[in-house]
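Here is the structure we will look at.
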Amino acid sequence: MLRFKILASVVPLILAGMFGRSELASAARPCVTFGETSVQIAATPWQAQLHVSFTDDPARATVRVQIVDSAEAADFAYVDDADGIEASVCNVTAATRFVAIAESASTADPVIYLSQDGNADYRIYVRSNQFTPREAAALLVGARGAPAHMATAAL
């Protein structure tokens with residue numbers, strides 16, 4: 001009977017440890033390096049220095065990002081499906097900036113309109129097994145900031 005009580009008290013701890021460890025050992029968050037700084041999608045909203053959101057209405061956007069079909073036409077191209085990609089290329093340091101994708105827009109944060117139409121502030125090309133065009137757009141805006149017209153529009 002004592003063995004059963006010990007087993008019953010240990011099983012929840014083992015399960016909690018497995019679930020806790022799976023979060024810590026999960027795949028790396030999307031991240032890019034620009035010069036000496038790396039920008040990474042935050043695992044939690046409170047970890048981020050910048051929050052971005054997305055809209056389907058170009059009139060509400062403060063940043064327009066176009067998805068292009070070739071790396072040559074892009075301001076930011078990310079291709080990670082080649083052999084030999086190093087997993088440690090984007091190390092998290094004290095200088096790492098974290099970006100979170102918010103569900104709702106804030107007046108102080110960039111609102112991104114992602115489309116394949118022209119008239120964009122930035123152009124991206126993404127062929128990735130690790131992250132989506134939305135995450136790539138968030139990383140680009142996190143690294144480069146909002147274009148000049150957003151800063152003047154906020155004043």
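None of the figures in this text is laboratory data; all of them are computed from the coordinates on show. Remember, it's a predicted structure, so these values are computed and weren't measured experimentally. Please note: Cβ atoms are built from the backbone with ideal geometry, for glycine as well, and neighbour counts cover all protein chains shown.
Here T107 and S128 are evaluated by their C-beta separation; at R0 = 25 Å the FRET efficiency comes out at 0.20. Proximity of backbone amide H atoms, modeled 1.01 Å from N, is registered between R123 and Q66, D75, F76 at under 5 Å, excluding neighbours fewer than 5 places apart on the same chain.
Converting phi to 3J(HN,Hα) with the Karplus coefficients 6.51, -1.76 and 1.60 and the offset θ = phi - 60°, the stretch 125-139 yields 10, 10, 9, 9, 8, 9, 8, 8, x, 4, 5, 5, 5, 5, 5 Hz in sequence order, with x at every glycine or proline. Between A77 and T93, the contour length at 0.36 nm per residue exceeds the Cα-Cα span by 3.4 nm.
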